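Heads up, the thing below is written out as structure tokens.
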Amino acid sequence: MAFGFALATGVLSLVSIYLCFLAPGQAWWQGHGSSTPRLFARVALSALWTTLVGVLLTAADAFHFPLIILINSAVTLLGYLYVSLPRRESALLPPRAATTGLLVAMLALAAYWPTYDARFGAADSTTYTSAGIHLARSHTIWKHDDVGEQLRPATRKLLFRSVFGYPSKPPYSRVTGGMVVRNTDDHHVRPSFFPAAIIWSAIFSEIISPRHAGGFASAFCALAVWAVWIVARRRLGPLGATTVAMLAAANGAAYYAGKMPLSEPIAWFFAWAALAALDAWEDDGFTSDGRLAGLMLGALTIIRPEFAMFTVSALCIRRLLAFSLGTRGLGPSFAFGFLAMSVVAFIEIRYLQGAYLAPIEEGLRAVGWQIFVWRRDTPASLQALAGACVLTAVAVGIGAVRRMGLVKTLAFMIPAGFVTLYCVESTPRPARSLTWLVSFLGYAVPLLTLPGIVVAWRQRSEVRGNSFLVVLSVLVGGLLIYNTHVSPALPWAIRRFVPIVVPSAIVFAGIAAAALYRRSMLLGVACWVAMIVSTLAPARELWDRQFYDGAEQQLHEFVQDLPNDGVYLIDDRLAPLLLGVPLWLLYDIDNVAANTTTKFMRHMTDRTIRELRPHRPLYYMRPTPVALDPLNAYERELIMDYTFQLPLPEQTERRMPRATHSYSTTVSVFRLGKLKPAPATGGGTGGGNTNAGAR
């Protein structure tokens, strides 16, 4: 009986994988009038379609995995009916074999699988995993806030702090680690981060099991390796492409991303799928490839909306190059695909709001504040001079429009404005970023990257897709090296370089090594060997590590003995564990942060306790032992002590993490009672309420 159930479950999982990753594309993409590898294009279109269906259903609060399967099945059937209709035959190119790339991708998937057990204590990955499982179970991405309804409006405004640090700037943090509300009167709490990764987490939770909800990261990293192989093959041939793809899969940055539930693996796949389709379109000019490239590149704005400015700026620069170099324009087919995805991205931003646009909003706010300070502190004469410069710039812009045309002028102004804004509101930290890259890639790949860029640019007449590859890689790489806008600790921070910078650096290094090989076989082989050794040597530090091992089991054991009839105040000193998100989303245990670091916040915690006490029993979680127990004034009953032990990656600043740190902390859970009687004053030996007995 058990074997039969397991067999049926396995068959259903395989059918679901087929319907999510292959069936829609197989029905609609027949390969006529296209030189993109047929199987790859079908997988890319299917993954994109499933993403779109998931985003739209989630935006409508109607996410049901069986409904996704039903929609994909209907679309597959319609596709087969459509292609069976008689029509004029398009040119059919010989299919470009991509079997080797697929084998490399399967090897990468085997290496990445399973992902780290990021059920708690894993920063953004904890939210992606918990929110995905919650979405699969409850069919909505929101969580109704019963605790917020029981607090007074004034208390909510003081307790729920803005993620920006400004008291009146939404969104506001509701649960430490990734749950926000758009305003303090909103009782629908939502995850902070990118919805697409949460949706894929929910899909994998249904396809396989909640234990493997984060498996989407491994799957998309493996597919991205396949895309890198296709892009590299046009430039390096099968053998060089296989070497580059294996290095792209095995380097420490990609390996870490492939094991962590994050949005970067999905962005990596769609970015390089776009480059693969754009290569095919540039070389052969088929509209199907152009449309596929537009869809894939536009999908980046759905996966990570801040990528919109990177891609739009790169497209504008490419448009300028099309004028000056005489290369082919992208055409209406590309524009149709890109704009269609932009519409879906707008729906996502409008109906699935979180804090994922916070960096953009914060940058604009920072620039506005700098302008305000400049106006306040600058003499009127200099302000008048600046105004004259602005008017002159406007006049020059009008003249440029008349001389170059509106399209060329916008193609120059958009990337120039974006790069200027990025640099103005960022603190330059190129030394730190380059150190991070060298620590994960060694010295050979970064040293060969610049010569490879030069060689690729000079070969753009032979491989026309080189122009956009160089533009996108230099733009994204230059800005991220200038400032990554990410938490300054490795290995977590390296994830920002995974979608574009790391794989493109390896591809360009391969191009340089291939060029040297054509001049001197000995020198070329030496460069290839140096690339392999310098990339794999540091990566070996991560290959055999099982970070976060046992997190799910420990969390389940911890929750088993917790009463579920009240509200838990979680001390901010437990913030590294990020318990609030999984407790609320996975076990429906209401909680609120108890910040006790300052006198004002301790007053806010007391105020929260007073307002919640008439409605629900109250519990308090804190680490043990502690030097200061801010809630010692309340009568308490110890319910349990539980010791969490997690193997965590070493946090470093300037080198590759080499050690595994055993993080251990004991969490004490108390049932809070009423305030203790006021201590006696005057004679006798009565003393005040102290922390001498704090455990």
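Observations
- The residues of the range 30-57 that are open to solvent by less than 30 Å² (accessible area, probe 1.4 Å), at pLDDT 95 or above and of a type outside the set (A, V, I, L, M), listed by number, are SER46, THR50, THR51, GLY54.
- Verdict on PHE220 being surrounded by 24 or more Cβ atoms within 10 Å (Cβ to Cβ) and of a type in the set (Phe, Trp, Tyr): yes
- In this entry, LEU70 passes the filter for residues that are at pLDDT 95 or above and of a type in the set (A, V, I, L, M).
- Residue in the range 556-576 that is under 30 Å from ALA267 (Cα atoms), in a helix (DSSP H, G or I) and at pLDDT below 95 present: yes
- Answer residue from the range 640-659, given it is modelled with pLDDT of 80 or more and open to solvent by 60 Å² or more (accessible area, probe 1.4 Å) and is farthest from ALA551 (Cα to Cα) among those: ASP641
- Of residues in the range 534-585 being farther than 21 Å from THR129 by Cβ and among the hydroxyl-bearing types (Ser, Thr, Tyr), the one farthest from the chain's Cα centre (by Cα): SER534
- Out of ARG319, ARG233, one residue alone is more than 16 Å from the chain's Cα centre (by Cα) and closer than 25 Å to THR99 by Cβ. It is ARG233.
- Check on PHE204, surrounded by 24 or more Cβ atoms within 10 Å (Cβ to Cβ) and in contact with a His (Cβ under 7 Å, 6 or more places away or on another chain): yes
- Residue that is nearest to GLY550 (Cα to Cα) [pool: residues in the range 120-145 that are open to solvent by 10 Å² or more (accessible area, probe 1.4 Å) and modelled with pLDDT under 90]: GLY121
- Residues located in the range 128-183, provided they are among the aromatic types (Phe, Trp, Tyr) and closer than 25 Å to ILE266 by Cβ: TYR128, TRP142
- Taking the range 406-451 as the range and being assigned to a loop (DSSP other than H, G, I, E, B) and within 30 Å of LEU516 (Cβ to Cβ) as the test, the residues that pass are GLY442, TYR443.
Conditions (1) within 28 Å of THR652 (Cα to Cα); (2) touching a Cys at 6+ places or on another chain (Cβ under 7 Å); (3) not acidic (Asp, Glu), marked per residue:
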residue: THR409; (1), (2), (3): no, no, yes
residue: MET413; (1), (2), (3): no, no, yes
residue: PHE418; (1), (2), (3): no, no, yes
residue: SER439; (1), (2), (3): yes, no, yes
residue: ARG458; (1), (2), (3): no, no, yes
residue: GLU462; (1), (2), (3): no, no, no
residue: VAL474; (1), (2), (3): yes, no, yes
residue: LEU479; (1), (2), (3): yes, no, yes
residue: VAL486; (1), (2), (3): yes, no, yes
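- Figure legend. Inter-residue proximity from the range 412-427: first residues surrounded by fewer than 16 Cβ atoms within 10 Å (Cβ to Cβ), second residues β-branched (Val, Ile, Thr) and assigned to a helix (DSSP H, G or I), beta-carbon distance below 9 Å, spacing 6+ or different chains. Indicated pairs: VAL424/VAL367.
- Residues that are among the charged types (D, E, K, R) and touching a helix residue (DSSP H, G or I) at 6+ places or on another chain (Cβ under 6 Å), drawn from the range 200-234: GLU206, ARG233, ARG234
- Residue match in the range 452-466 (condition: open to solvent by 20 Å² or more (accessible area, probe 1.4 Å), in a helix (DSSP H, G or I), in contact with a Phe, Trp or Tyr (Cβ under 7 Å, 6 or more places away or on another chain) and at pLDDT 90 or above): yes
- Test result for ALA273, surrounded by 24 or more Cβ atoms within 10 Å (Cβ to Cβ), on the phi < 0 side of the Ramachandran plot and out of contact with any strand residue (DSSP E or B) (no Cβ under 7 Å at 6 or more places or on another chain): yes
- The single condition among (1) open to solvent by 20 Å² or more (accessible area, probe 1.4 Å); (2) not in a loop (DSSP other than H, G, I, E, B) that LEU542 does not satisfy is (1).
- Test for VAL533: is it over 27 Å from TYR256 (Cβ atoms), of a type in the set (Val, Ile, Thr) and touching a helix residue (DSSP H, G or I) at 6+ places or on another chain (Cβ under 9 Å): no
- If you go through the range 22-52 and pick out every residue that is free of Cβ contacts under 8 Å to residues at least 60 places away in the same chain and in a helix (DSSP H, G or I), you end up with 10.
- Against the conditions (1) open to solvent by 40 Å² or more (accessible area, probe 1.4 Å); (2) modelled with pLDDT of 85 or more, ARG622 satisfies every one except (1).
- THR484 hydroxyl-bearing (Ser, Thr, Tyr) and either assigned to a helix (DSSP H, G or I) or open to solvent by 30 Å² or more (accessible area, probe 1.4 Å) (or both): no
The values are calculated or read from the model by the stated rules, or taken from the named source; none is laboratory data. Every value quoted in this text rests on a predicted model; they were computed, and no experiment measured them. Cβ coordinates were reconstructed from backbone atoms using ideal geometry, including for glycine residues, and neighbour counts include every protein chain displayed. Ligands, DNA and RNA are stripped out before the accessible areas are found, and what is left, the full protein with its side chains, is counted by its heavy atoms. Shrake-Rupley method; radii C 1.70, N 1.55, O 1.52, S 1.80 Å.
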